[in-house]
Amino acid sequence: MTQVKQQLIWKNFSELADISVQAGEELEVVGVFTEGLPTKKKLVAKLAGKEAKLKMTLIFIGTEKNHFDLEAVFDHEDLATVSDITVKAVMFGESNLNFLGNVVIPEAGQKSVASLRCQTLLMSHQAQAKTIPSLEIIANDVKAGHAASIGRVDDELMFYLETRGFDKNIAERLLVEGFLLEALDDLDENLREELWKNIFDQLPIK
Amino acid sequence: MPKKNSTNGGAKKPVSGLSMKLSNQLDDYKYGFKTESTPKFKIGKGLNEDVVREISAQKDEPEWMLKKRLEALKIFRAKPMPNFGGDMSGIDFEAIHYYLKPSDKEMRDWNDVPEEIKKTFDRLGIPEAERKYLAGVGAQFESEMVYHNLHETLAAQGVIFEGTDAALKKYPEFFEEYFGTIIPTLDNKFAALNTAVWSGGSFIYIPKNVHIELPLQAYFRINAEFMGQFERTLIIADEGSSVHYVEGCTAPTYSSNSLHSAVVEIICKKGSRVQYSTIQNWSNNVYNLVTKRARCEEDATMFWLDCNLGSKLTMKYPSVYLMGRGAKAEILSVAYAGKGQHQDAGAKVIHAAPDTTSTINAKSLSKDGGRSSYRGLVQVYPGATGVKSRVVCDALLLDDHSRSDTYPTMDIRESDSAIAHEATVSKISEDQLFYLMSRGFSEQEAAALIVNGFIDPIIKTLPMEYALEMNRLIEMEMEGAVG
């Protein structure tokens, strides 16, 4: 079955919408969110046909008092569906992130592969994050995993850069860039540059 | 010839090992049958103020404990049921006996014990004296001398190890200072219930810098009710001390009571270390809703080891509050959910002080339509700098109609922290099965080996006898798991 590849770009939180990937389709979604919303957003992503594939990258840049509250459900409704979700968040100021990512694989989703990765950098004392990556698995012949981490910029990496002449701000910026660019690696160059400019403009560290 | 038990008249099934096909007993719970009862004075079913007063009177408690019980009853009635976890709709609070003296407990005839239980005892190598006790046939051990000697050794070191009922009377100062401070009555509905009707449990006090090498077990409490339904345990480890307490056993434990709601409070003072291991294998009629919490001061370590094998529904989240700098929490858990079972277990760690660390390692197995869920919380408060926490959850689904869930929450309010979580869900690796089978193991043997290897990192922290029993028990559960 030839894979039909499609791409979807969300440039802010209000553009977020439910998705459904059909049999044999491959959908790639990239969302870059730099402005929060005061209310909770709910996203339902269905892998509705055999061998449907979803690759989703969500990037949150929190500044000032922005608030991000997202509940996302990834439903593997059919055989051999694949989901690969990466969430990267960098929270400055007094921003905070509330993320619930639920991967559901019912009996119909045998042979599915699911991976949910959620990484958060807290850049200031008041920044906060609450992440709940959850799994509800009934089909047994599956590979499902998730991972989450929350922390600040690694001290050792900062030391490495500072001892090579970078000042603190630049070192921090370099590490944040590396953290975020990793999620955009697979995109084509033009798109990556366009998205990156948007992200870069929002980073309060220059 | 099967023996008929007809004292209760009416619908009694003839009991014999050969005719007892447990899987056909759709209405009965796993070890189900009726007993012959010779009623003595016994508090009736249902929960009301009279029941609570009677419990307190029978135990001859101080006035302040009675007041606390009555207040808890009010709180229990006011609080709503939890809005998460398993299905608790089957609990009928008015159909439960809230207090039974051991001598009042309905005793079974050994001949009535289902063949499957007797076989399990054989396979696990349970000593003769213990079998009757575990099967609900005997009220307490016949052989008490061994345990009496142990008692004297502990007393010489200043260690207090008593049933909670007796300890309340002998050492009221500990209770006045600590009872209900780690798990207050208002904490949740079932903590309130326990505070109102608690009976039994262990009280342990370890003096400063005393280290107890031998794991203390509930068996050692002389004349104590084994695994009461509303046990209240309080453990106080003074500065620099250490102790390992073991609760429960791997052998299937019959209970006529369908609701078990224990409360365990542990205080780990500066530099102390407490390990609390639980192995629970209640019969499949039991709702096991437990609140367990420890508070760690500076440089103290709390280690929860939680094995959940039985019960219809278990909701249990051993917690550690890290209140002093450098305190550590380690929580290991194994959950097995078989037919008709839901294990909703997990762990909670609250980091409220700097340089505290926590590790949570949870393994679960689901089979025959069972459901095992991990529900956890890692919380870091502002100002708790330098925290490191790691949570690893692995689940094995042993067939295509069982279920595994993971609901971990990370609530981090301090940027100077490093928090990581990972989880995997899968079935037994076909490569590993093939490897073993091509070396002569049957598919069943291979699966059992792999499952034992899966839970091994946690089992090996148990005292040896328990570890051996656990391995044998898992092997038995794995029979019929494949093919």
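The values are calculated or read from the model by the stated rules, or taken from the named source; none is laboratory data. Because the structure is predicted, anything quoted here is derived from the model rather than measured. Ideal geometry is used to build each Cβ from the backbone, glycine not excepted, and the neighbour counts take in all protein chains shown.
At a glance:
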item	result
Any hit, segment A:95-117, residues being aliphatic (A, V, I, L, M) and in contact with a helix residue (DSSP H, G or I) (Cβ under 9 Å, 6 or more places away or on another chain)	no
Matching entry among B:Ala467, B:Ala446 (being in a helix (DSSP H, G or I), at pLDDT 90 or above and in contact with a helix residue (DSSP H, G or I) (Cβ under 8 Å, 6 or more places away or on another chain))	B:Ala446
Strands (runs of 3 or more DSSP E) contained in segment B:252-346 and holding at least 1 residues of a type in the set (Asp, Glu)	B:263-268, B:301-308, B:328-337
Single residue of B:Ile222, B:Ile206, B:Ile212, B:Ile236 found to be at pLDDT below 75, over 30 Å from B:Glu475 (Cα atoms) and not polar (S, T, N, Q)	B:Ile222
Residue identified as outside any strand (DSSP E or B), at pLDDT below 75 and more than 16 Å from B:Phe230 (Cβ to Cβ) among B:Lys30, B:Lys74	B:Lys30
Residue tally, condition without any contact (Cβ under 8 Å) to a residue 40 or more places away in the chain and surrounded by 10 or more Cβ atoms within 10 Å (Cβ to Cβ), over segment A:186-196	4
Any hit, segment A:153-172, residues being closer than 30 Å to A:Ala114 by Cα and touching a Leu at 6+ places or on another chain (Cβ under 9 Å)	yes
Lone qualifier among B:Leu396, B:Leu462 - being aliphatic (A, V, I, L, M) and away from every other protein chain (no Cβ under 14 Å)	B:Leu462
Those residues of segment B:395-426 which are in a strand (DSSP E or B), hydroxyl-bearing (Ser, Thr, Tyr) and either under 24 Å from the mean Cα position of the chain (by Cα) or within 28 Å of A:Gln110 (Cα to Cα) (or both), in sequence order	B:Ser404, B:Thr406, B:Tyr407, B:Thr409, B:Thr424, B:Ser426
Options A:Leu97, A:Leu116; residue that is aliphatic (A, V, I, L, M), buried (at least 24 other Cβ atoms within 10 Å of the Cβ) and within 30 Å of A:Asn169 (Cα to Cα)	A:Leu97
Boolean, A:Lys41 is surrounded by fewer than 20 Cβ atoms within 10 Å (Cβ to Cβ), under 27 Å from B:Ile412 (Cβ atoms) and of a type outside the set (S, T, N, Q)	yes
Flag if A:Glu172 is more than 23 Å from A:Glu28 (Cα to Cα) and either surrounded by 15 or more Cβ atoms within 10 Å (Cβ to Cβ) or within 13 Å of another protein chain (Cβ to nearest Cβ) (or both)	yes
B:Pro408 being closer than 27 Å to A:Leu121 by Cβ, in contact (Cβ under 8 Å) with a residue 12 or more places away in the chain, within 9 Å of chain A (Cβ to nearest Cβ) and surrounded by fewer than 17 Cβ atoms within 10 Å (Cβ to Cβ)	no
Test result for A:Phe60, touching a strand residue (DSSP E or B) at 6+ places or on another chain (Cβ under 6 Å), modelled with pLDDT of 95 or more and surrounded by 15 or more Cβ atoms within 10 Å (Cβ to Cβ)	no
Residue in segment B:365-385 that is within 18 Å of the chain's Cα centre (by Cα), part of a strand (DSSP E or B) and more than 11 Å from chain A (Cβ to nearest Cβ) present	yes
Filter pass, A:Leu54 being among the hydrophobic types (A, V, I, L, M, F, W, C) and either in contact with a His (Cβ under 7 Å, 6 or more places away or on another chain) or surrounded by fewer than 22 Cβ atoms within 10 Å (Cβ to Cβ) (or both)	no
Where B:Asn48 falls short, out of the listed (1) of a type in the set (S, T, N, Q); (2) at pLDDT 85 or above; (3) within 25 Å of the chain's Cα centre (by Cα)	(3)
Any hit, segment A:68-89, residues being within 16 Å of the chain's Cα centre (by Cα), buried (at least 18 other Cβ atoms within 10 Å of the Cβ) and within 12 Å of chain B (Cβ to nearest Cβ)	yes
Subset of segment B:416-443 (residues that are within 14 Å of chain A (Cβ to nearest Cβ) and either under 30 Å from B:Val387 (Cα atoms) or touching a helix residue (DSSP H, G or I) at 6+ places or on another chain (Cβ under 7 Å) (or both))	B:Asp416, B:Ser417, B:Ala418, B:Ile419, B:Ala420, B:His421, B:Glu422, B:Ala423, B:Thr424, B:Val425, B:Ile428, B:Leu433
Sole exception among (1) more than 30 Å from B:Thr356 (Cα to Cα); (2) among the polar types (S, T, N, Q); (3) without any contact (Cβ under 8 Å) to a residue 24 or more places away in the chain for B:Ser402, by number	(3)
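Listed here are the residues, each with its yes/no results for (1) surrounded by 22 or more Cβ atoms within 10 Å (Cβ to Cβ); (2) among the aliphatic types (A, V, I, L, M).
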position: B:Ile412; (1), (2): yes, yes
position: B:Ser415; (1), (2): yes, no
position: B:Gln432; (1), (2): no, no
position: B:Ser438; (1), (2): no, no
position: B:Glu443; (1), (2): no, no
position: B:Lys460; (1), (2): no, no
position: B:Glu465; (1), (2): no, no
position: B:Arg472; (1), (2): no, no
position: B:Glu477; (1), (2): no, no
